Structure formats: C-alpha cells, structure tokens
Amino acid sequence: MNDGAKAGPSHWRLYSLIGLMTFLWALNFIVAKFAVRQIPPLMAAGLRTGLAGILILPIYFWERKTKGVAAWTKADVPMLMFLGMFGVALNQLFFVLGISRTSVAHAAIMIGITPILVLAIASAIGQESLSAGKLLGMALALAGVVALQFSPSKGAVTTVAGDFFIFLASVTFALFTVMGKRVVGNFSSITINTFAYVGGGLFLLPLTLWQSVGFPFQQLSWATWASVLYMAAFPSVLCYLIYYYALTYIPASRVSAFSYLQPLLATLLAIPLLGENPTTSLVAGGCLVLVGVFVAERG
C-alpha cells in the first residue's frame with residue numbers, strides 16, 4: 001500500500017534519497033559556518049546564490065526541451081522575481097549573516113520554526129484557518145524560541161542578533177512558500193527555482209561585486225571554495241530536485257516529516273566538526289520548538 005501515491009521507484013530508493021537530502025541540508029549548516037570564517041557573509045550569500053543559478057540553468061533548459069513545460073510570459077516575471085528575492089536572495093542573505101553570529105544548534109532550531117511562520121502568514125491572508133491545536137502548537141514553538149535565548153551552546157558563540165537574522169531567513173522563506181502557492185500550479189518546481197536562484201543572484205550581484213573589490217581571493221583555501229560550491233550545488237539544487245522527485249511518489253506530509261531530523265542532525269554534526277556542545281536548556285528549547293511544529297501541522 002502506498003496511500004494513493006503514484007507507482008514508481010522502490011520505497012528503499014525513495015527513502016534513501018530523502019535521507020540523503022535531509023543529511024545534505026543538515027550538513028549545510030556546518031559548511032556555511034566554515035565558509036563565513038574566511039568569506040564575508042554578504043559575499044558568501046551572493047556567491048552561493050549566483051553559482052546555484054548557473055548550475056540550475058542547464059536543468060531548466062533540459063526540462064523545457066524534453067518535457068515541454070508551460071512557458072512563462074512577461075506578465076509572470078514580476079511574481080517569479082518577487083519569489084526569487086524573498087525565497088533566495090533575502091533568505092540566503094539573512095541565513096549567512098545569522099550563521100556567522102550564532103551557533104549551528106541555534107540556527108538549525110530557528111530554521112525549524114519555518115512551518116509555524118508559514119501557518120501564521122497563510123492564516124493572516126486567509127489561505128488557512130487557525131484551530132485550537134494549531135494555536136497550541138504555535139505557542140509551544142514560541143516558548144521554545146524564548147528558551148533558546150537562555151541556552152548558549154558550549155564552545156560556540158551565540159548572539160540575539162544572530163538568532164534574529166536566522167529568524168528573518170525563516171520569515172522570507174515562509175513568504176516564498178505562501179506566495180509560491182499562487183503560481184505553483186502554473187509552472188514546474190524547476191522553473192520556479194530557476195527564477196528564484198537566477199533572479200536572486202542578479203539581485204545580490206551589486207552587493208557581491210562591492211564586497212569583491214580588494215578582497216584577497218588568492219588567500220582562500222581550497223576547502224573554503226569547496227564550501228561555497230557545496231552550498232550552491234547540494235542544498236540549493238540537488239536537494240530540491242530530490243524533494244520534488246519524492247513528492248511525485250510519496251505524500252507531502254510523509255516527505256516533510258523528515259524535516260524534523262534536520263535540527264537534530266545539524267546539532268550532532270556540530271559537536272565533532274565544530275566543537276559545539278549543546279546544553280540541557282538548549283535541548284529543552286529545541287524539543288519545545290519541534291513538538292510545537294508537530295502539533296501545529298496536525299492541529
């Protein structure tokens with residue numbers, strides 16, 4: 001039984017791909033933290049977004065040629081570029097600014113509240129209604145975020161400003177998710193993500209060029225360049241391709257359930273790779289956030 005999902009690849013293959021996707025997204029917190037040690041956060045955001053746009057363009061053209069997806073018109077460009085600005089440009093800008101000022105554990109947990117923000121925004125514009133269960137879940141998640149501010153990770157610097165930037169990254173992606181529902185039925189996910197990354201890269205290009213003036217690129221290690229390439233290729237392109245491929249055969253609720261593992265995996269990876277050691281209060285705050293998201297999504 002597959003609960004109405006389309007017949008296709010084996011469950012082992014699909015869940016292996018979803019597991020890989022979850023791991024690559026979790027590892028991105030570690031890689032980004034490493035990248036901003038040598039590259040200014042604003043430049044790192046621009047380089048990641050621009051490279052992701054370059055990498056996804058061949059996939060976009062291949063899809064148009066082989067699958068004949070719906071073509072966009074000039075009238076569609078403003079909304080698609082708007083999605084790119086919020087879903088990628090501002091999202092990545094706030095993410096790297098935040099990860100450079102806070103711990104991986106804090107960042108991963110703050111990103112974990114994105115479904116709550118999606119629910120709040122969708123409810124505010126009338127896309128969804130709030131129930132008692134959803135309100136309870138939102139309250140639990142909020143309590144977890146408050147607890148997070150009193151729970152620094154041992155061996156890592158955490159700041160309110162860093163957590164706030166990560167929160168803004170969650171807000172921008174939530175806006176991308178809610179507003180994207182207006183066009184998701186008209187275009188493929190690859191088309192939307194191509195506009196997002198190419199448009200986001202162009203939006204950040206002036207900032208990237210400004211940051212590049214006089215910057216000693218020759219002093220960057222190969223590991224730093226590899227980090228930037230990883231951020232552009234794996235979490236930005238490959239993971240989204242896996243995500244939408246899985247959605248073709250597995251219900252969205254089952255795929256999204258794996259997002260609960262990201263904060264845990266990122267925190268565990270940060271212990272040996274970055275020397276971050278979570279405290280008891282941090283674990284408690286993280287659990288409150290994840291329980292709140294779970295309750296809100298099923299309320």
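The values are calculated or read from the model by the stated rules, or taken from the named source; none is laboratory data. Keep in mind that this is a model prediction, so the values were computed, not measured. Here the Cβ positions follow ideal geometry from the backbone for every residue, glycine too, while neighbour counts run over all protein chains shown.
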- [ ] Check the range 189-196 and report whether any residue there is farther than 29 Å from L241 by Cβ and surrounded by fewer than 19 Cβ atoms within 10 Å (Cβ to Cβ).
- [x] no
Open item on the list: So if I check each of T158, T177, which one is buried (at least 16 other Cβ atoms within 10 Å of the Cβ) and more than 13 Å from G87 (Cα to Cα)?
Closed with: T158
Task: Test for L55: is it touching a Phe, Trp or Tyr at 6+ places or on another chain (Cβ under 6 Å) and either aliphatic (A, V, I, L, M) or exposed (fewer than 15 other Cβ atoms within 10 Å of the Cβ) (or both) - done: no
Task: Residue identified as of a type in the set (V, I, T), closer than 25 Å to Q262 by Cβ, in a loop (DSSP other than H, G, I, E, B) and touching a helix residue (DSSP H, G or I) at 6+ places or on another chain (Cβ under 8 Å) among I39, I56, I116 - done: I39
Open item on the list: Testing A233 on (1) in a helix (DSSP H, G or I); (2) modelled with pLDDT under 95, one condition comes back false. Which one is that?
Closed with: (2)
- [ ] Would you check if A196 is touching a residue at least 40 places away in the same chain (Cβ under 8 Å) and within 29 Å of G126 (Cα to Cα)?
- [x] yes
- [ ] Tell me, yes or no, whether the range 254-265 has at least one residue that is β-branched (V, I, T) and free of Cβ contacts under 8 Å to residues at least 40 places away in the same chain.
- [x] no
Task: Residues satisfying the stated conditions in the range 126-171, i.e. in a helix (DSSP H, G or I), at pLDDT below 90, within 13 Å of R101 (Cβ to Cβ) and not hydrophobic (A, V, I, L, M, F, W, C) - done: none
Task: G292 being under 17 Å from L148 (Cα atoms) and either touching a Pro at 6+ places or on another chain (Cβ under 8 Å) or free of Cβ contacts under 8 Å to residues at least 40 places away in the same chain (or both) - done: no
TODO: Take the range 265-282 and flag every residue that is modelled with pLDDT under 85 and assigned to a helix (DSSP H, G or I).
DONE: T280, S281, L282
Task: Condition broken by I250, with the remaining ones in (1) among the aliphatic types (A, V, I, L, M); (2) modelled with pLDDT under 90; (3) within 19 Å of S103 (Cα to Cα) satisfied - done: (3)
